[in-house]
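**Q** My structure is below; once you've seen it, I'll send some questions.
Bear in mind these aren't lab numbers, they're just calculated from the coordinates by the rules spelled out. These numbers come from a predicted model, not from an experiment. Cβ sites come from the backbone with ideal geometry, for glycine too, and all protein chains shown count toward neighbours.
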Amino acid sequence: MKAAVVTDFNQPLEIQERDVPRPAAGQVLVRMEACGLCHTDIHAAHGDWPVTPTPPFVPGHEGIGIVTELGAGVVNRALGDRVAIAWLGSACGECRYCVDGRETLCQSQQNSGYSVDGAFAEYAVADATYVVAVPPQIESVDAAALTCAGLTSYKAVKVAKVGPGETVAVFGVGGLGHLAVQYARLVGARVVAVDIDRDKLDLATALGADHVVDALEVDPVEAIQTLGGADVSLAFAVTPKAFEQALASLSPGGRLVCVAMPAQGTMNIPIFETVVKGLQVIGSIVGTRQDLREVFDLQAQGRTRVIAEGRKLDDINQATADVLSGAALARLVFEF
């Protein structure tokens, strides 16, 4: 099978021919139909974060495909099922986080495309308990983008507890941000989209944003404060400066939800303003299997729209460059 492999953090990914893996007990073999390119995959390939994966490995955690083989003991999946392989590859199922519905905080979790090989390949194995069924109404390319971009932005809106009539500032209108605009609108929020790319701002307007701010042309903090400030800022742009602007854009009692994880991962938080204005700084890390089911359900109902561009796996390094340069309008998805 063909796979995109990280062999060294300082080298481009290699397209290699590998043996098709066999599912172990409790696993399924999935023939991939599509897999999105997440910025996390790029961080993984570059070894950007304090906890790094171990090369060689196969990235990819927005995988959609068909179950073609069952490992021993698998009874909850059937041959022919179409499933999603998400970031949460598996968890212990027994710790307090798993039991109380916060499985993405499990300290024993395995992550697809990071600690275990992922879906940048024609076939991938996955834990049968942690793959999620994809409704038939959703195209595989769209489902791929929803499996992390949709899931992560949806979870951020849930974590922020966005209410009707609140103002939500979305910093970064890309693979995640274009979906966050829609999820915030679905709960009745007024949405302000912030970016430095006019095409992405036009996309945000088309998807329902009430206001857009070109951060190259104006100070986004001043622009949002002129509108009354944001009750919630969702930080998707991969720069610490954007996080600081998102925090400064909040009105009293506002909530900053940190989602993106820049390689230079430190932001300055002004203590006085944070205390006096009663601000909250919240971290939001992807979502659970149940969250993904909800994301798929909204798409199946026609309540959301995915903007994705198909690519081929052979073009993995050009696709990475396009994401890093901002040339990708929203999500890039490899089609098999």
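**Q** What does DSSP give for the chain in terms of the percent of beta bridges that are antiparallel, rounded to the nearest 5?
**A** 55
**Q** What ranking of Ser325, Ser249, Ser90 emerges when the number of other C-beta atoms within 10 Å of each C-beta is taken as an exposure proxy, fewest first?
**A** The fewest-first ordering by Cβ neighbours comes to Ser325, Ser90, Ser249.
**Q** On a 27 Å Cα-Cα criterion, which of the cross-link pairs Lys2/Lys155; Lys161/Lys312; Lys2/Lys158; Lys158/Lys277; Lys158/Lys200; Lys155/Lys241 come out too long?
**A** Lys2/Lys155; Lys161/Lys312; Lys2/Lys158
**Q** What ranking, highest mean first, results for peptides 111-120, 78-87 when packing means the other Cβ atoms within 10 Å averaged over each residue?
**A** In descending order of packing, they fall as 111-120, 78-87.
**Q** A further question on this structure: For the pair Asp199/Thr54, report the inter-label distance in nm, with labels modelled 7 Å from Cα in the Cβ direction.
**A** If labels sit at Asp199 and Thr54, their model points lie 4.1 nm apart.
**Q** Of the peptides 171-182, 28-39, how do they stack up when ordered by the mean number of other Cβ atoms within 10 Å, highest first?
**A** The packing order, highest mean first, is 171-182, 28-39.
**Q** May I pose another question? Normalised by the number of residues in the chain, what is the relative contact order in percent for Cα pairs under 8 Å and 6+ residues apart?
**A** Over the chain, the number comes to 18 percent.
**Q** What is the list of residues in the range 42-78 whose amide nitrogen lies under 15 Å from a point 7 angstrom out from the Cα of Arg18, following Cα to Cβ?
**A** Only 45, 53-63 pass the distance filter.
**Q** Please find the FRET efficiency linking Val99 to Glu222, where r is the Cβ-Cβ separation and R0 is fixed at 30 Å, and quote it to the nearest 0.05.
**A** My answer for the efficiency is 0.05.
**Q** In deg cm²/dmol and to the nearest 500, what is the mean residue ellipticity at 222 nm of the chain if only DSSP H runs of at least 4 residues count, each as -39500 (n - 2.57), divided by the residue total?
**A** -7500 deg cm²/dmol
**Q** Same structure again: Taking the chain as a Gaussian network, Cα atoms linked when under 10 Å apart, which of Tyr130, Tyr154, Tyr97 shows the biggest mean-square fluctuation?
**A** Tyr97
**Q** A follow-up question, please. In debye, nearest 20: dipole of the range 150-283 around its Cα centre with unit charges on the Cβ of K, R (+) and D, E (-)?
**A** Here the range 150-283 has a charge dipole of around 580 debye.
**Q** Among Val281, Val259, Val75, which one moves the most in a GNM of the chain with springs linking Cα atoms closer than 10 Å?
**A** Among Val281, Val259, Val75, the largest mean-square fluctuation in the Gaussian network model of the chain belongs to Val75.
**Q** Report, in debye and to the nearest 20, how large the dipole of the chain comes out about its Cα centre when Lys and Arg carry +1 and Asp and Glu carry -1 on their Cβ.
**A** Dipole of the chain, to the nearest 20 debye: 860 debye.
**Q** Now, a different point. Go ahead and run the numbers for FRET between Thr274 and Asn317, Cβ-Cβ distance against an R0 of 30 Å, rounding to 0.05.
**A** Efficiency, from the Cβ-Cβ distance: 0.15.
**Q** With springs only between Cα atoms under 10 Å apart, run a GNM on the chain and tell me which of Val74, Val275, Val191 wobbles the most.
**A** Highest fluctuation among the options: Val275.
**Q** Sticking with this structure for a sec: Report the relative contact order of the range 150-283, percent, no decimals, based on alpha-carbon pairs under 8 angstrom and at least 6 residues apart.
**A** That works out to 22 percent.
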